[in-house]
């Protein structure tokens, strides 16, 4: 283990120039040793310790995991927080009604007493990071099977969590890095009282909606505002009217100077998942098999939901968040296929692998350990291909049909009763009721019925025959392949699929009756048969093949770091705190097309379509533009800046991350990537990979001039670092 850790550090230190300066998602704990010199050469004016320090407040103390999959940043001494509008979307939606539609009209608390609580929403701070590879891998040997290895690792992590020194209000998180060759521990603090403070209307915060999603140029103010509350000791606490605004160790200052081309920028946050070191066979499978399957299914689902949303305002409100979630990955996968193809990613992987194999063959020690590794990986991906495609067709189809989700929850409740008796039923019932209530609140039986018709038809036509349930085939024959009649039969349970309030009320009184009705329902019988057949036909084989791939990928990661000594290896993203850095830059996605690095409010007005679902513009914003009433937030040319792009290596999870200048001041909020570069999760290419950020000056303009919520700006520290530096 010591040898591996030393090897990793040596590679980072001595071969740092081999990887492009704007590629990589780096652990902040190692910046001083590995990145600081390069970052300063690129223009950074602060030190690595200003970014990450466990002894005093540093930038990392202003960065949080927001909810389950975004990033946020603290911008005042009173716990005020910025994140993206799409990250706060669910909270905004949950607080909205037809009478108080905050999605449509926006929301601005005039005082802390008007800030809205959000059940289940939390933010997580990172207190410190430690390398615990030695402890976690203690007793792990190369001859262990994957289940044996994982069992040993899990046991070591459990012991580590028990023995790690921390405060009573802190938690311990352990994550694998480099495909399980290394492990790091994170001490965290989770604050569960997070209240909505402000959000622009969706016509501003989500301007362009699905058409502009993943695209450049961009013109939306993708931000929302929340406040963190703590107990009287400034420690995490559940929601209480007695809680007070959180006092952070560090809050970000906000730059009013904007950006220029080639300015140094950093993005600090919690990127979700990347797979930069995949075998060429895996990349080829993504391009030609898996992404096309997922795109196909989601295209069908989006078409159904969109048709209903355009006709019914209530359905539009119910399904807005779900639609956005489905569309987000759907469009991303399309861009991923396009980008991987355009940059010849598979061919580049194969060329890299040829060089790897050449070096392995030239070294007897490497050849003994890794001689057949690439061939073994290629064979493993070939073995898993049909099962992986079947998995995606099954999961994408089943998860889009909410009748099946209702069935699942009630089946889970029955399972708790069967396993743990009446006490188990009593314990599980409140959670199941809450989850069902959340589903029914955003559910329409006719929408779901049409989703069933279109998706099951698509499933029947495209799923590989061996993975099709005979029960489904027989039922379709029974209805003469009439999917409408088939759906009518499944959805005829009026109570279960059309009267959610009654279901929940009956669960309180007679849960046995509800569970029994669910078990006898035709929808549940179909769901159980589909699930059972998939488990028998694919799950076991899929698990075995994936286990083999996991082991080979772990070995391949270690082998690359040993063999390819002229390459720098950063750990793939895994929802842990990372910093990425680069420069502000435009790009040329294809012949004859050149994109600049910024957009202005002029572009919003150019896209404006009165009454349009995606491109309508509020009257007040039109008026501010007409009068050029931009306050102190305009650029030097008198225009109102909106968004900018840069070469910062980001991914999902970086939504809401702060874009920071050379001094660590807030320049904007990261919210997207350009469509041509969405393949950066798999193959980062600086020629077309760009991250998209909303300019903080546009955010402040919306808060101040549009919303009239200037009182919130009084909490923030606004600075002019370029003017101070004499630029």
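The values are calculated or read from the model by the stated rules, or taken from the named source; none is laboratory data. Please read all numbers here as calculations on a predicted model, not as lab measurements. Note: ideal-geometry Cβ built from the backbone for every residue, glycine included; neighbour counts use all protein chains shown.
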- Residue satisfying all of: in region 364-403; without any contact (Cβ under 8 Å) to a residue 40 or more places away in the chain and not in a helix (DSSP H, G or I); farthest from residue 521 (Cα to Cα) among these: 371
- Hey, can you tell me all the residues within region 606-634 that are within 30 Å of the chain's Cα centre (by Cα) and closer than 26 Å to residue 260 by Cα? 607
- If you check 664, 653, which single one turns out to be in contact with a helix residue (DSSP H, G or I) (Cβ under 7 Å, 6 or more places away or on another chain), on the phi > 0 side of the Ramachandran plot and in contact (Cβ under 8 Å) with a residue 24 or more places away in the chain? 664
- Of the residues in region 710-724, those that are assigned to a loop (DSSP other than H, G, I, E, B) and either buried (at least 22 other Cβ atoms within 10 Å of the Cβ) or touching a helix residue (DSSP H, G or I) at 6+ places or on another chain (Cβ under 6 Å) (or both) come to none
- Item | Pick from region 571-610, criterion free of Cβ contacts under 8 Å to residues at least 60 places away in the same chain and under 23 Å from residue 627 (Cβ atoms), ranking: surrounded by the fewest Cβ atoms within 10 Å (Cβ to Cβ) | 610
- Item | Yes/no for residue 481 being assigned to a loop (DSSP other than H, G, I, E, B), at pLDDT 95 or above and farther than 30 Å from residue 70 by Cβ | yes
- Message: Checking residue 520 against (1) more than 20 Å from residue 399 (Cα to Cα); (2) touching a residue at least 24 places away in the same chain (Cβ under 8 Å): exactly one of these is not met. Which one?
- Response: (2)
- Message: Consider region 281-306. How many of its residues are without any contact (Cβ under 8 Å) to a residue 24 or more places away in the chain and either under 19 Å from residue 397 (Cβ atoms) or not in a helix (DSSP H, G or I) (or both)?
- Response: 1
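Determine whether region 409-425 contains at least one residue that is over 21 Å from residue 515 (Cα atoms), in contact with a helix residue (DSSP H, G or I) (Cβ under 9 Å, 6 or more places away or on another chain) and at pLDDT 95 or above. Give the steps one after another, and end with the answer.
The first filter runs over region 409-425 and keeps only residues over 21 Å from residue 515 (Cα atoms), leaving none.
No, region 409-425 contains no residue that is over 21 Å from residue 515 (Cα atoms), in contact with a helix residue (DSSP H, G or I) (Cβ under 9 Å, 6 or more places away or on another chain) and at pLDDT 95 or above.
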- Message: Looking at region 224-246, can you tell me whether even one residue there is in contact with a strand residue (DSSP E or B) (Cβ under 8 Å, 6 or more places away or on another chain), under 30 Å from residue 570 (Cβ atoms) and surrounded by 24 or more Cβ atoms within 10 Å (Cβ to Cβ)?
- Response: no
- Given the residues 344, 386, which is the only one that is at positive phi and surrounded by fewer than 21 Cβ atoms within 10 Å (Cβ to Cβ)? 344
- Query: Hey, does region 689-709 have a residue that's at pLDDT below 95, farther than 20 Å from residue 85 by Cα and crowded, with 23+ Cβ neighbours inside 10 Å?
  - Reply: no
- Which numbered condition trips up residue 273, out of (1) within 25 Å of the chain's Cα centre (by Cα); (2) crowded, with 23+ Cβ neighbours inside 10 Å; (3) within 21 Å of residue 122 (Cβ to Cβ)? (2)
- How about region 39-72: which of its residues are in contact with a strand residue (DSSP E or B) (Cβ under 9 Å, 6 or more places away or on another chain), farther than 23 Å from residue 247 by Cα and either modelled with pLDDT under 95 or buried (at least 21 other Cβ atoms within 10 Å of the Cβ) (or both)? 39, 44
- Query: So which of 447, 513 is assigned to a helix (DSSP H, G or I), without any contact (Cβ under 8 Å) to a residue 12 or more places away in the chain and touching a helix residue (DSSP H, G or I) at 6+ places or on another chain (Cβ under 8 Å)?
  - Reply: 513
- Item | Options 526, 552: the member that is closer than 25 Å to residue 146 by Cα and crowded, with 16+ Cβ neighbours inside 10 Å | 552
